[in-house]
Amino acid sequence: MDRIIVKPSGPLYGDVEINGAKNSALKIMAACSLAEGTFHLMNVPDITDVRLMSELLVSLGMTVRENDTNSLEITNPGNLTAEAPYELVEKMRASIVVLGPLLARYGKARVALPGGDDFGPRPIDMHLRGLEMLGAKFASEHGYIDGHCERLRGSRIVLEFPSVGATENIMMAAVLADGTTIIENAAREPEIADLASFLNRMGASVLGAGTSTIVIEGVEKLGAVEHAVVPDRIEAATYLAAVGIAGGEINLIGARPDHMDMLCQKVGEMGMRISADSNGLWVMANKSLKAVDLATLPYPGIATDYKPFLVAMLAVSEGVGIVTENLFSGRFRYIDELIRMGADIRTEGHHAVIRGVENLSGAPVRAHDIRAGAALVVAALRAQGQTEIREPSHIDRGYENLVENLSSLGADISREN
């Protein structure tokens, strides 16, 4: 069985280069279906999800080639097959974002219902309602969504919740629609702004990305371009949490502090020292952290992807912290694994009460999803004895060289087959 083994070590010291954002790279790759030509994407992380998206694009009729490190060359010859097969889509939820571009470019799309991480239901109703307001029609059968349209037309769309995926799907569809589309209550994540920047480079007209109101003027045609993906704020948060748990001092090279304001504020309240510099973010923890209360909220609030790391930090902090999950109903499932490691955590509904302990205890645990798996790895840095994290393939979906990077900082960590 493939597994990650973590043994007690000590504080972490050194530098870590932050890779491109998974949640941005996948959507930008999907957007390459909007125009013919050869795209050059830089700062793309070498992770399983990117390879899955590459396979999906190839199944549509594109070619994907790795050039230099973290660089992809994607060629769209036109006349793509507008069908995303089940065997690929069921492995990765982000695959649903090919729906909007395919409808806009070809007037039809057949996409399998998405799979992905195991932390509760995440319906795509808002994606479909938004695209319907642009003129698409949908039918669902045999596990597939079949969409078609004569020509998409601009519309005012008010999202009932600032869904990242729905915002992205609607935005990519609207760039080739007739007229003006306004998305109200849009998601504001940095990855949305990065996707909009990519679309604008292609010749689109997208204004307001990164705010709650996005205005898109439809254009007739787009072209292939070069683009560098923004750094991954979730990966940066992972190493930040590792220092909070193990102690030490590291530099997160390339991290964007302006994308992590609320997180930096919260861990600062816990006792970490953080400073932005020209290279990224400097973080230090030289004493036990103090417990705080926190709640997940849409950006710029505390991201739900940050929460597993914060729970792991609170598990070894002084005092009692209460964590409230406002976005996904099933995203406390990894807590049972932390309890196996000796954490004192009680859950009730969408709340978790965490009473800090001095040290955790090494144990065999299972990675349920990308971020939960990474949180178990960093929690193990403060565990006495050996911790074995099983099913690390989930972690591979979102991290390039997590084990190697932590080892370079001084952690006693290895991967075994």
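The values are calculated or read from the model by the stated rules, or taken from the named source; none is laboratory data. Since the model is a prediction, treat every value here as computed from it, not as a measurement. Reconstructed Cβ throughout: ideal geometry from the backbone, glycine too, with neighbour counts over all protein chains shown.
Applying the condition of being part of a helix (DSSP H, G or I) and of a type in the set (Ser, Thr, Tyr) to region 20-41 and asking which residue is nearest to ALA166 (Cα to Cα) yields SER24. For the structure I just gave you, tell me whether GLY373 is in contact with a Lys or Arg (Cβ under 6 Å, 6 or more places away or on another chain), under 18 Å from TYR306 (Cβ atoms) and buried (at least 21 other Cβ atoms within 10 Å of the Cβ). No; evaluated as a whole, the condition is false for this residue. Listed by first and then second residue, the pairs linking a residue in region 187-216 that is under 14 Å from TYR299 (Cβ atoms) to a residue that is of a type in the set (Phe, Trp, Tyr) and not in a helix (DSSP H, G or I), with Cβ atoms under 7 Å apart and 6 or more places separating them unless they lie on different chains, are ALA187/TYR299; ARG188/TYR299; GLU189/TYR299. Name the residue that is nearest to ARG110 (Cα to Cα), counting only residues in region 60-69 that are at pLDDT below 95 and not charged (D, E, K, R). Of everything passing the filter in region 60-69, ASN67 is nearest to ARG110 (Cα to Cα). If you go through region 208-226 and keep only what is assigned to a strand (DSSP E or B) and touching a Leu at 6+ places or on another chain (Cβ under 6 Å), you end up with just VAL215.
The rows are residues; the columns are (1) in contact with a Lys or Arg (Cβ under 7 Å, 6 or more places away or on another chain); (2) under 18 Å from ASP46 (Cβ atoms); (3) assigned by TED's automatic domain parsing to the domain that holds GLU325.
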| residue | (1), (2), (3) |
| --- | --- |
| GLU348 | no, no, yes |
| ALA380 | no, no, yes |
| THR387 | no, no, yes |
| GLU391 | yes, no, yes |
| GLU400 | no, yes, yes |
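Does ALA241 satisfy the criteria of being in the same structural domain as PRO298 (by TED's automatic domain parsing) and either touching a Lys or Arg at 6+ places or on another chain (Cβ under 7 Å) or part of a loop (DSSP other than H, G, I, E, B) (or both)? Quick ask: steps written out before the conclusion?
Values: in the same structural domain as PRO298 (by TED's automatic domain parsing): yes; either touching a Lys or Arg at 6+ places or on another chain (Cβ under 7 Å) or part of a loop (DSSP other than H, G, I, E, B) (or both): no.
So ALA241 does not fit the description; no.
Keeping to region 101-127, report how many residues are of a type outside the set (Lys, Arg), at pLDDT 95 or above and touching a strand residue (DSSP E or B) at 6+ places or on another chain (Cβ under 8 Å). So the count comes out to 4. Tallying residues that are within 27 Å of the chain's Cα centre (by Cα) and buried (at least 20 other Cβ atoms within 10 Å of the Cβ) within region 135-163 yields 5. Restricting to region 164-190, name every residue that is surrounded by fewer than 18 Cβ atoms within 10 Å (Cβ to Cβ) and either basic (Lys, Arg) or over 16 Å from SER212 (Cβ atoms) (or both). Once the filter is applied, which keeps residues that are surrounded by fewer than 18 Cβ atoms within 10 Å (Cβ to Cβ) and either basic (Lys, Arg) or over 16 Å from SER212 (Cβ atoms) (or both), region 164-190 yields ASP178, GLY179, THR180. Scanning region 248-295 for residues that are in a loop (DSSP other than H, G, I, E, B) and of a type in the set (A, V, I, L, M) yields ALA255, MET260, MET272, LEU289, ALA291, VAL292.
Quick check on this structure: which one of ALA352, ALA383 is at pLDDT 95 or above, more than 17 Å from GLY321 (Cα to Cα) and not hydroxyl-bearing (Ser, Thr, Tyr)?
Values: ALA352 fails: more than 17 Å from GLY321 (Cα to Cα).
Of the residues listed, the single one that is at pLDDT 95 or above, more than 17 Å from GLY321 (Cα to Cα) and not hydroxyl-bearing (Ser, Thr, Tyr) is ALA383.
The residues on offer are VAL44, VAL50, and the sole one that is free of Cβ contacts under 8 Å to residues at least 40 places away in the same chain, aliphatic (A, V, I, L, M) and not in a strand (DSSP E or B) is VAL50. Out of GLU83, GLU17, GLU90, I need the residue that is of a type in the set (Asp, Glu), within 30 Å of HIS368 (Cβ to Cβ), in contact with a strand residue (DSSP E or B) (Cβ under 8 Å, 6 or more places away or on another chain) and modelled with pLDDT under 95. Which one? One residue alone meets the criteria, GLU90.
Return the residues of region 380-391 that are over 12 Å from ALA315 (Cβ atoms) and over 22 Å from the mean Cα position of the chain (by Cα); say none if nothing qualifies.
Residues of region 380-391 that are over 12 Å from ALA315 (Cβ atoms), as a first pass: 384-391.
Correct list: GLN384, GLY385, GLN386, THR387, GLU388.
Cβ-Cβ distances below 9 Å connect no pair with a first residue in region 1-27 that is without any contact (Cβ under 8 Å) to a residue 24 or more places away in the chain, a second residue that is basic (Lys, Arg) and not in a loop (DSSP other than H, G, I, E, B), and a separation of six or more residues or different chains.
Is it the case that region 23-37 has a residue that's in the same structural domain as THR81 (by TED's automatic domain parsing), over 21 Å from ARG397 (Cα atoms), surrounded by fewer than 24 Cβ atoms within 10 Å (Cβ to Cβ) and in contact with a Ser or Thr (Cβ under 8 Å, 6 or more places away or on another chain)? Yes, region 23-37 contains a residue that is in the same structural domain as THR81 (by TED's automatic domain parsing), over 21 Å from ARG397 (Cα atoms), surrounded by fewer than 24 Cβ atoms within 10 Å (Cβ to Cβ) and in contact with a Ser or Thr (Cβ under 8 Å, 6 or more places away or on another chain).
Could you please find all residues in region 32-61 being touching a Pro at 6+ places or on another chain (Cβ under 7 Å) and of a type outside the set (S, T, N, Q)?
Just the residues of region 32-61 that are touching a Pro at 6+ places or on another chain (Cβ under 7 Å), to begin with: 33-34, 36, 59, 61.
LEU34, GLU36, GLY61, listed by residue number.
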